[in-house]
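Dropping a structure here in structure tokens format, bear with me for questions.
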Amino acid sequence: MGLRSSGCSVITGAGGGFGRALALELAARGGRLVLSDLHPSAAEETARLARARGAASVTAVGCDVTKMEEVEALAKTCEGPVDLLVNNAGVSSGGLVGDLALEDWRWTIEVDLFGVIHGCHAFVPRMKKQGSGHILNVASAAGLLCAPRMAAYNAAKAGVIAISETLAVELDGTGVGVTVLCPTFFKTDIVNSGRFADPETKKLADKLMSTGRPVEEVVLAALSAVERDELYAVPMADARWLWRLKRVVPSSFRKLVSLGVNLRAKG
């Protein structure tokens, strides 16, 4: 799928992190952008930076992806074809099952899973009608590997992967492609705004984030997968190998993950 100059790219959660980095990369390619974020001022700042990078046009709007009416309003701001829809808005949480508050479970699933559901519900019919475009759903390797202390986040991201796999079949032959992005840790501020049940889990998340790859690498890997019309974008080698191990020898995978988590916690 080539990113057409006539189509626009819609990005949720564009106020920072992966969303902002992706917007700036597309801007450098002369893209037309529709940027949204829960915080309108953050979306506006990304829009300012995108214009400076050479974007053909930029629209910035506030959007709470947990509210279907706001996602529908986002869709109505798009003029012409939607070339790329990026369901990116997300949050983080962590804690043992039984410790993480149910309120934080609901918050995680509302943003990370229903945000994608709402985006697809609003945009897929439009993209099917136009007979072109691509959907990039931002999940996580957490949805493939399901590490401990991340159950709510794992469940939400596994749901995003399942939706993407389903959509890929449903959209076959329509001209609309689907890619689901499943990175491990890369450097953004998502952990800083997350909700954690205990200091130990937060400390572990901070440590993993500090060793993450640059966000720009993940952006380029995601766009490369979109261009090649690949369903799965798993940029990091560790995630690819662990995913293979899980499918081939699941009992060994479980033991390896437990060992790895214990070593990281002690290190």
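Rule-based calculations on the coordinates, nothing more; no lab input. Note that the structure is a prediction, hence the values are computed from the model and not measured. Cβ atoms come from the backbone with ideal geometry, glycine included; neighbour counts cover every protein chain shown.
To the nearest Å, what is the center-to-center distance of the range 47-74 and the range 91-120, using C-alpha atoms only?
23 Å
Can you run the Rg to Rh ratio on the range 45-99? Use alpha carbon positions and the Kirkwood inverse-distance Rh.
Details: Rg = 15.6 Å, Rh = 14.1 Å.
Across the range 45-99, the Cα-based Rg/Rh ratio is 1.11.
Let me have the 222 nm mean residue ellipticity of the chain computed from DSSP H runs of 4+ only, each contributing -39500 (n - 2.57), with the sum over all residues rounded to the nearest 500. Could you put the intermediate results ahead of the total?
Numbers: 11 runs with 141 residues, N = 267.
Calculated from helices alone, the mean residue ellipticity at 222 nm is -16500 deg cm²/dmol.
What is the spread of the Cα atoms of the range 21-124 along each of their three principal axes, largest first, in whole Å?
Result for the range 21-124: principal-axis Cα extents of 49, 24, 20 Å.
Let me see the pair-distance distribution of the range 152-221: every alpha carbon pair, 5 Å bin width, integer percents in order.
Calculated over all Cα pairs of the range 152-221, the distribution is 3, 14, 18, 18, 18, 12, 9, 5, 2, 0 percent.
Hey, another quick one. Over all directions, what mean area does the Cα convex hull of the chain project, stated in square nanometres?
Values: hull surface 53.4 nm².
Orientation-averaged projected area of the Cα hull: 13.3 nm².
Another one. Taking K and R as +1 and D and E as -1, what net charge do the other residues with C-beta under 13 Å from the C-beta of I163 add up to?
Details: positive: K157; negative: D112, E165, E170.
So the environment of I163 carries a net charge of -2.
What FRET efficiency do you get for R106 and A56 if R0 is 35 Å and r is their Cβ-Cβ distance, rounded to the nearest 0.05? Display every interim value, and only then the final one.
Numbers: r = 39 Å, r/R0 = 1.12.
After rounding to 0.05, the efficiency reads 0.35.
A further question follows. Counting other C-beta atoms within 10 Å, which of Y153, Y232 has the fewest, and how do the rest follow? Walk me through the intermediate numbers first.
Working: Y153 28, Y232 17.
Listed from fewest to most nearby Cβ atoms, that is Y232, Y153.
Further question on the same structure: Taking other Cβ within 10 Å of each residue's Cβ, how do W107, W241 sort, fewest first?
The fewest-first ordering by Cβ neighbours comes to W241, W107.
Compute the length gained on full extension between D172 and E200: take 0.36 nm times their separation in residues and subtract their Cα-Cα distance, giving the result in nm to one decimal. Present the calculation step by step, with values, prior to reporting the outcome.
Working: separation 28, 0.36 × 28 = 10.08 nm, distance 4.45 nm.
Net length gain for the segment: 5.6 nm.
List the lysines whose Cα lies under 30 Å from the Cα of K76, skipping any in the same chain that are fewer than 8 positions away.
Once the sequence-local lysines are set aside, what remains near K76 is K67, K128, K129, K157.
Follow-up. Among K76, K128, which comes first, second and so on when ranked by fewest other beta-carbon atoms within 10 Å?
Working: K76 9, K128 15.
With the fewest neighbours first, K76, K128 line up as K76, K128.
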